[in-house]
1. Within region 215-267, which residues are farther than 22 Å from M166 by Cα, touching a strand residue (DSSP E or B) at 6+ places or on another chain (Cβ under 6 Å) and not hydrophobic (A, V, I, L, M, F, W, C)?
2. Does A222 fit the bill of being surrounded by 12 or more Cβ atoms within 10 Å (Cβ to Cβ) and not assigned by TED's automatic domain parsing to the domain that holds V148?
3. Among the listed residues A204, A212, A192, identify the single one that is within 30 Å of V142 (Cβ to Cβ) and buried (at least 16 other Cβ atoms within 10 Å of the Cβ).
4. Conditions: (1) away from the ligand (no atom under 16 Å from the Cβ); (2) at pLDDT 85 or above. A269 meets all but one. Number of the miss?
5. Given region 3-94, what strands (runs of 3 or more DSSP E) lie entirely inside it while holding 1 or more residues that are under 30 Å from T218 (Cβ atoms) and of a type in the set (V, I, T)?
6. Quick check on my filter: what residues within region 231-279 are among the acidic types (D, E) and free of Cβ contacts under 8 Å to residues at least 12 places away in the same chain?
7. Residues to consider are G239, G221; find the one that is within 18 Å of V148 (Cβ to Cβ), part of a loop (DSSP other than H, G, I, E, B) and touching a Ser or Thr at 6+ places or on another chain (Cβ under 9 Å).
8. Considering each residue of region 181-210, count those that are touching a strand residue (DSSP E or B) at 6+ places or on another chain (Cβ under 6 Å) and either outside any loop (DSSP other than H, G, I, E, B) or not aliphatic (A, V, I, L, M) (or both), and give that number.
Amino acid sequence: MGAPARAIPHASSRAAVLDVIRAAGTISRVGLIQATGFTGATISTVVRKLIEDGLVLETGRAESTGGKPRVLLQLNQSSRYAVGVHLDHSGIAYVLTDLGGSVIARMTRAGAGTEEPPAVVQRMAAEVATLIEGVGVDEGRVLGIGLVSPGPLTPAAGMGPAPPIMRHWEDFPLDEEVRRATGLPVVLGNDATAAALGEYWSGAVSGSSTFAAVYVCTGIGAGILINGIPYHGTSGNAGEIGHVCLAPGGPECWCGARGCTEVMAGPAAVVGLRSESER
Ligand SMILES: [Zn+2]
């Protein structure tokens, strides 16, 4: 709360207004006009619709600066929810968040491992249902699933060149299959990019809207944001730093090259070094 409104381009004036209210915590209609540059008429119409839809609440009045005190608006946090899923071969993490992005429930289950993708998707659908039921949230208030996995991702669907343990996921239409199994809209992304967006969205990256967040999970990746927008590059995988060579004669990596960042500095390498030094 209290993070400054940010100039993120939005699909609609409705999305832009909603995001400014979210980032501001509480804000008046006049504040919205100043923050978005929209006209008073647009703000009035958009806010009325947001209140009608239950997404925004009027919450008291600001202290008067002479004129009529201004009505303050805030997100109706519990009006909508979203599911976040992080799929990895070593674990699948689930969260349920409210409209403000606060985590309401969290659970971790067995990873994809060597299971066949259709079986994992069926299990994920059941686990998402368990998560939602556990909180007692009306399913109609759940907007959809944000699904991330280690990159690289192909732009169409599925994962691109994957580590050997997840190679059978290559070209599997993951988002489409999860959508079918859960009945919820699915947005598929790269976990490192999602982590970078989360840092940005939550205001953890103060004042800077161009940055990279290095993400270490099973492998190493990075999410890059330029002016608040994820940068994927022409390959779609600009942040895939895990296979940049650090040592030409280094140990062999699963990708076939030697001395990759991942094989030199990934969690497996760090754990290996540690157990070596304890010996
Ligand atoms: Zn490699």
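1. Result: Y231, G250.
2. yes
3. A192
4. Every listed condition holds for A269 apart from (1).
5. Of the strands (runs of 3 or more DSSP E) lying wholly inside region 3-94, those with at least 1 residues that are under 30 Å from T218 (Cβ atoms) and of a type in the set (V, I, T) span 81-87.
6. E252, E276, E278
7. Unique residue meeting the criteria: G239.
8. Count: 15.
The values are calculated or read from the model by the stated rules, or taken from the named source; none is laboratory data. Because the structure is a prediction, the values reported are computed rather than measured. A quick note on method: Cβ atoms are made from the backbone with ideal geometry, for glycine too, and the neighbour counts reach across all protein chains shown.
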